[in-house]
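Enquirer: Quick one: the structure is below, questions incoming.
The values are calculated or read from the model by the stated rules, or taken from the named source; none is laboratory data. Bear in mind that the values here come from a model prediction, so they are computed numbers and not experimental data. When we count neighbours, we look across all protein chains shown, and the Cβ atoms used for this are built from the backbone with ideal geometry, even at glycine.
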Amino acid sequence: MGLELINDIINKAKESNIVENFIEELTDYLSSKGGDKLESGLKKENTLYQVVDFSSKGVYLKDTTTNKVFEETEIPQELKEKLGNDYILSYKDGKYVFEEEITDRFMNSLVSIGEYQKIKNQFEKETNILELSKDTVYKIEDKTDKYSILKYDSDKRIEAPNELIPFFAKEGTNLYYKSGKFQIK
């Protein structure tokens with residue numbers, strides 16, 4: 001009896017698209033609960049969006065200014081076929097545009113987990129940032145190719161490697177340091 005049940009489940013999973021159905025059900029559930037960060041209909045002119053995943057109806061996008069994730073179903077099929085995870089789109093003149101140059105810069109800014117750990121450990125050791133309050137707010141004062149100058153406690157400054165700073169954070173963005181990385185406040 002137990003083996004028949006498992007075989008039946010496996011056969012039904014093969015017949016249906018179980019992953020897409022799960023994502024769809026999860027989307028519906030989160031939408032009905034107000035969604036943790038899953039929203040709908042959030043596209044704004046002149047805003048950048050990062051492709052997070054694909055759904056049966058469209059693409060999940062993350063607004064790079066708010067970090068809100070939503071499902072976009074109004075992406076032309078020809079554009080959708082060109083996209084991959086972490087690709088960057090902009091919304092201009094009522095349509096999505098693939099931002100190849102920004103996507104390339106974003107992809108080139110990524111480092112391996114091992115390299116990230118090495119950078120993080122060295123930064124924490126050199127700056128003693130872990131000794132500061134977890135509620136400390138850091139404001140990006142200046143951002144160069146390699147480092148960001150962060151101002152905190154009204155007149156103190158710290159130099160942080162850009163690998164630790166969210167890619168889309170701009171000058172004037174407030175951050176906090178949590179779990180070994182800077183996050184947008």
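Enquirer: From the list 127, 136, exactly one residue is assigned by TED's automatic domain parsing to the domain that holds residue 165, farther than 11 Å from residue 180 by Cα, in contact (Cβ under 8 Å) with a residue 40 or more places away in the chain and of a type in the set (S, T, N, Q). Which is it?
Expert: Criteria check complete, one pass: 136.
Enquirer: Just name the residue that is modelled with the lowest pLDDT out of those in segment 85-132 that are under 17 Å from residue 147 (Cβ atoms) and among the β-branched types (Val, Ile, Thr).
Expert: 111
Enquirer: State which residue is surrounded by the most Cβ atoms within 10 Å (Cβ to Cβ) when the search covers only segment 105-152 and only residues that are touching a helix residue (DSSP H, G or I) at 6+ places or on another chain (Cβ under 9 Å) and among the aliphatic types (A, V, I, L, M).
Expert: Among residues in segment 105-152 that are touching a helix residue (DSSP H, G or I) at 6+ places or on another chain (Cβ under 9 Å) and among the aliphatic types (A, V, I, L, M), the one surrounded by the most Cβ atoms within 10 Å (Cβ to Cβ) is 129.
Enquirer: Within segment 41-84, take every residue that is part of a loop (DSSP other than H, G, I, E, B), modelled with pLDDT of 90 or more and aliphatic (A, V, I, L, M) and give me the one that is nearest to the chain's Cα centre (by Cα).
Expert: In this case the residue turns out to be 83.
Enquirer: Across segment 47-65, what is the number of residues that are over 24 Å from residue 108 (Cβ atoms) and either touching a Ser or Thr at 6+ places or on another chain (Cβ under 9 Å) or among the aliphatic types (A, V, I, L, M) (or both)?
Expert: Residues meeting the conditions: 3.
Enquirer: In segment 153-184, which residue that is assigned to a loop (DSSP other than H, G, I, E, B) and of a type in the set (Ser, Thr, Tyr) is surrounded by the most Cβ atoms within 10 Å (Cβ to Cβ)?
Expert: Per the stated criteria, the residue is 173.
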